[in-house]
Amino acid sequence: MDPNPTKFPILSYVMSKLPSIGPKRTAADEFDIEQPQPLPQPPKEPHFDITERMPHLTDPKVIAAMNSAVADVSQTRSMLKTLGERPDHELVDTAKMKLAEIEANLSKRLTEVVLSPRPPEMESEHWRSDLAVKEDECRKAAEKEKEEYKALIALDELHEAYEKMLKDAERRLEKIYETAVAGGDVEAIEQAFGEKSSEFEEEVNEEVIAILQESSGKSVERVDLSGRQLRMLPEAFGKIRSLIVLNLSNNQLAVIPDSIASLENLEELHLSSNLLESLPDSIGLLFSLKILDVSGNKLITLPDGICHCRSLVELDASVNKLSYLPTNIGFELVNLKKLSLSLNKLRSLPTSIGEMKSLRLLDVHFNELHGLPRSFGNLTNLEILNLSNNFSDLTELPDTIGDLINLKELDLSNNQIHELPDTFGRLDNLTVLKLDENPLVIPPKEVIVEGVEAIKAYMIKRRLDILMAEEPQIMLEEMGQTPTGLLTRSTSWLSGAVSNVVGTVAGYLGGGGKSDADHYLNQQL
């Protein structure tokens, strides 16, 4: 629960040095020469000596000025330690959905109670009283059912608030340090920080003003403000309703205003190479948006609202710090054709990704993927898939990958895959395959060097051999069937197997004609 020294180096250092924050010493901690105690472990320090970079941190006055800035952080940290780790985002999403289901069921039950007929033998007054009791029981039952889900969501929100507090505290400490370096009064920094400092009093770029003035007189469809060193975007930008293309890439934007949701006709939004740590959830109101580029930022998550941008065709969120995707992203972005997520920290892809039936390209290289969901095989229109450089994390592929019937290019290099799935031979359209730097055993190296067609042929033959080995056992298990039924089923299976693999196996074995391939298969069968 302590602040991560990598993300919050100053805060981590200060909290380890302040007596009011660090562990308190007791009489039991004093050294006894007759019964020496084991030496205490030194507190964890940041991964680098921060005082080498910031020598003023050794100044007692600076440390003292930082004391009040971290008091709230310390208090919240203590609370979080008792609560444990932050819940997984998918659990939180599931809890939210469960709450919605409970509310819907409650509404249904209350409607049934209200509309229930009054028994003839019961007086109206007693009947209304009975209805009130039933309604109250329904509400209490629903509230009890909600408790655990509400607690889970509340815990997640508490962790979120703590993360925000850490960021704010780190900024405050940075401001204190900058004041100390400049020779200012560090004791007065709290008051200065509470006011709107010059860091945030940005002058609106003259070009931006000109664009806003122009839009008030005529329709503006395209605005290109890339590479202008912009540090803020005025809220008034949301009034340019005619805008179709907005390019704000290569700037220093840390925040996108919520008013951007008013750009109802916007089809392209380019925000690459900025300083964004989050996107406004209101981005989900851009129903006409087709292309969204947020690559090269500091995004930790994508807002759930992005799932409502159902017109999206291209989404580029590469080179960020994403550790997961919204749970329902696949159910909503059904028109997405290109999804780029390279150079992030993704450990998994949501199951819903299998619903992106329009997807043609998926790039997830340089992540921390541990595998792919079985629903991945539903991406039957996928043509290009890059899973390279997931290194020691990616060790296997699901057998459903053989269902990607339109896959043309597959990059699996720099992983730890030992074996290709037996269904791999079904990738008929695969022409480009990269397997470098994998400890592959199946297929063997001598097959890999012959190229993609040899690999597919090998996997087809392997699959056939496995089916042949399993067939006697299946026949024994089905001996209870009639001889005619058993013979019909076996003959049907053999005919299908031969017709599906004869051509490819013949090529792999080096046979020039169909008769040789049939002879080989007849021997095997």
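The values are calculated or read from the model by the stated rules, or taken from the named source; none is laboratory data. Source: prediction; values computed, not measured. Every residue, glycine among them, receives a Cβ derived from its backbone with ideal geometry; neighbour counts consider all protein chains shown. SASA here: full protein model, heavy atoms, side chains in, ligands and nucleic acids out. Shrake-Rupley method; radii C 1.70, N 1.55, O 1.52, S 1.80 Å.
Residue under question is Glu125, and the condition is that it be under 30 Å from Tyr324 (Cα atoms), out of contact with any Pro (no Cβ under 9 Å at 6 or more places or on another chain) and either open to solvent by 60 Å² or more (accessible area, probe 1.4 Å) or modelled with pLDDT of 65 or more (or both); does it hold? So Glu125 fails the test.
Within the range 210-255, the set of residues being more than 14 Å from Leu269 (Cα to Cα), in a loop (DSSP other than H, G, I, E, B) and either acidic (Asp, Glu) or not assigned by the TED database to the domain that holds Val294 (or both) is empty. Take Arg241 and decide whether it is of a type in the set (D, E, K, R), on the phi < 0 side of the Ramachandran plot and surrounded by 15 or more Cβ atoms within 10 Å (Cβ to Cβ). So Arg241 fails the test. In this structure, does Ile417 turn out to be of a type in the set (Val, Ile, Thr), in contact (Cβ under 8 Å) with a residue 24 or more places away in the chain and crowded, with 19+ Cβ neighbours inside 10 Å? No.
Checked against (1) among the aromatic types (Phe, Trp, Tyr); (2) under 30 Å from Glu112 (Cβ atoms); (3) in contact (Cβ under 8 Å) with a residue 40 or more places away in the chain, Trp127 passes all but a single condition, namely (3). Looking across the range 420-449 at every residue that is under 22 Å from Ile466 (Cβ atoms) and open to solvent by 90 Å² or more (accessible area, probe 1.4 Å), the one that is farthest from the chain's Cα centre (by Cα) is identified as Glu446. Restricting attention to the range 450-459 and to residues that are touching a residue at least 24 places away in the same chain (Cβ under 8 Å) and either outside the structural domain of Asn381 (by the TED database) or open to solvent by 20 Å² or more (accessible area, probe 1.4 Å) (or both), the residue that is nearest to Glu409 (Cα to Cα) turns out to be Glu453. Filtering the range 335-376 to residues that are more than 18 Å from Asp304 (Cβ to Cβ), part of a loop (DSSP other than H, G, I, E, B) and in contact with a helix residue (DSSP H, G or I) (Cβ under 9 Å, 6 or more places away or on another chain) leaves Lys357, Leu359, Leu372, Pro373. Just one of the listed residues (Leu430, Leu410) is at pLDDT 90 or above and out of contact with any Asp or Glu (no Cβ under 9 Å at 6 or more places or on another chain), namely Leu410.
The set of residues from the range 295-319 being closer than 24 Å to Lys96 by Cβ, under 14 Å from the mean Cα position of the chain (by Cα) and part of a loop (DSSP other than H, G, I, E, B) comprises Leu299, Ile300, Thr301, Leu302, Pro303, Ala317. Return yes or no: is Lys408 open to solvent by 40 Å² or more (accessible area, probe 1.4 Å) and out of contact with any strand residue (DSSP E or B) (no Cβ under 9 Å at 6 or more places or on another chain)? No: the conditions fail for Lys408.
Contact map, the range 142-155: residues that are in a helix (DSSP H, G or I) paired with residues that are open to solvent by less than 50 Å² (accessible area, probe 1.4 Å) and not aliphatic (A, V, I, L, M), Cβ distance under 7 Å, separation 6+ or inter-chain. Pairs shown: Leu152/Pro87; Leu155/Pro87.
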